[in-house]
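Okay, structure first, notes after.
What follows is calculated from the coordinates using simple rules that are stated; it is not laboratory data. Nothing here was measured: the structure is a model prediction, and the numbers come from that model. With ideal geometry, Cβ positions are generated from the backbone for all residues, glycine too; neighbour counts draw on all protein chains shown.
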Amino acid sequence: MKIVIASDHGGYALKEDIKSSSLLLSKDIEFIDLGTDNGKISVDYPDYAAKLSNYVLTNSIKGVLVCGTGIGMSIAANKIKGIRAALCHDEHTAQMAARHNNANIIVLGGRILNFKVAENIVLSWLESNFEKGRHLNRIDKITKLEK
């Protein structure tokens, strides 16, 4: 399974750790990295949120965004029509993002989460499926809000 990933400077270290996770790689998860390529040079998170969000929509692929807290990336990504980006702090929020919200992007806080927690968040999200049912009606309402 291919997943697209991007970060700003605040999320760079965690992004790199996630990409090299032996747990995730053992599940045949391949990461497409859209940057940033350096954690020492300050970059603007909206640029990476937009780049990844557009890639997700164009390629029908799931994405992971990482910034310092996850808040900025979440706000920016959710401005893009068709994106449902969920800021996740633990496995439960990741599972609910997939099961109830059909999130096509999850967002992590690189300065908030340790690697093991982040790794389990990504795996939990990827292994959870959208339940549809009553949640589909709610997603339809979200889509209407974009118009």
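Assorted remarks:
- Check on Leu108, of a type outside the set (D, E, K, R) and closer than 24 Å to Leu23 by Cβ: yes
- The residues in the stretch 1-21 that are buried (at least 20 other Cβ atoms within 10 Å of the Cβ), charged (D, E, K, R) and in a helix (DSSP H, G or I) can be counted, and the count is 1.
The rows are residues; the columns are (1) buried (at least 16 other Cβ atoms within 10 Å of the Cβ); (2) under 30 Å from Lys147 (Cβ atoms).
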| residue | (1), (2) |
| --- | --- |
| Lys40 | no, no |
| Asn59 | no, yes |
| Ala94 | yes, yes |
| Gly109 | yes, no |
| Asn114 | no, no |
